[in-house]
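The values are calculated or read from the model by the stated rules, or taken from the named source; none is laboratory data. Quick caveat, the model's predicted, so the values are computed rather than measured. When we count neighbours, we look across all protein chains shown, and the Cβ atoms used for this are built from the backbone with ideal geometry, even at glycine. For the accessible areas, the whole protein counts, side chains as well, though only heavy atoms, and no ligand, DNA or RNA atoms are used. Shrake-Rupley method; radii C 1.70, N 1.55, O 1.52, S 1.80 Å.
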Amino acid sequence: QVQLVESGGGLVQAGGSLRLSCVVSGRIFSTYNMAWFRQAPGKEREFVARFYWNGASTYYADSVKGRFTLSRDNAKNTVYLQMNSLKPEDTAVYYCAGGGSGTRNYDWPNWGQGTQVTVSS
């Protein structure tokens, strides 16, 4: 069974930075795709960024492009989301997802518990 555990959330001021981590454990292949989604109260869960092993492809939502960066440490089975120039509208629970594709949440079968990111003005 695959398990994803996020960490690194917190409270920061606008313009600040955070780095989120997602540790993956369980029976996975080296080609395991990873993604980040976020969800604010009362809003739908939205796509943030993804990594595909095939072609080492990364893709970012327009709302975070140029500010957020994905990276991986394959030896530690960990994916990171570096978030810079944070804005209040980035406030949400951030979820790590794995084993899927695309930008729709229902196309990703494995999820972490989420980590809260709050950006103050």
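Filtered by the rule that a residue be under 29 Å from Gly15 (Cα atoms), open to solvent by 40 Å² or more (accessible area, probe 1.4 Å) and of a type in the set (Gly, Ala, Ser), region 85-107 gives a lone residue, Ser85.
When Ser30, Ser21 are checked against the criterion of being of a type in the set (S, T, N, Q) and open to solvent by less than 30 Å² (accessible area, probe 1.4 Å), a single residue qualifies: Ser21.
From the list Thr91, Thr58, Thr118, the lone residue that is closer than 24 Å to Gly26 by Cβ and not basic (Lys, Arg) is Thr58.
Yes/no per residue for (1) within 14 Å of the chain's Cα centre (by Cα); (2) aliphatic (A, V, I, L, M):
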position: Thr78; (1), (2): yes, no
position: Ser85; (1), (2): no, no
position: Ala97; (1), (2): yes, yes
position: Gly102; (1), (2): yes, no
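Looking only at region 79-116, residues that are of a type in the set (S, T, N, Q) and either part of a helix (DSSP H, G or I) or within 10 Å of Met34 (Cα to Cα) (or both) come to 3 in all.
Going through (1) open to solvent by 50 Å² or more (accessible area, probe 1.4 Å); (2) within 13 Å of the chain's Cα centre (by Cα) one by one, Phe47 falls short only on (1).
Given the residues Glu6, Glu46, Glu89, which is the only one that is in contact with a Gly (Cβ under 6 Å, 6 or more places away or on another chain) and under 19 Å from Val119 (Cα atoms)? I'd like the intermediate steps shown before the answer.
Numbers: Glu46 fails: in contact with a Gly (Cβ under 6 Å, 6 or more places away or on another chain); Glu89 fails: in contact with a Gly (Cβ under 6 Å, 6 or more places away or on another chain).
Within the list Glu6, Glu46, Glu89, the selection yields Glu6.
The condition of being farther than 14 Å from Ser21 by Cβ, buried (at least 16 other Cβ atoms within 10 Å of the Cβ) and touching a residue at least 12 places away in the same chain (Cβ under 8 Å) holds for only one of Arg38, Arg67, that being Arg38. One residue stands out among those in region 71-84 that are modelled with pLDDT under 95 and of a type in the set (A, V, I, L, M, F, W, C): the one that is surrounded by the most Cβ atoms within 10 Å (Cβ to Cβ), which is Val79.
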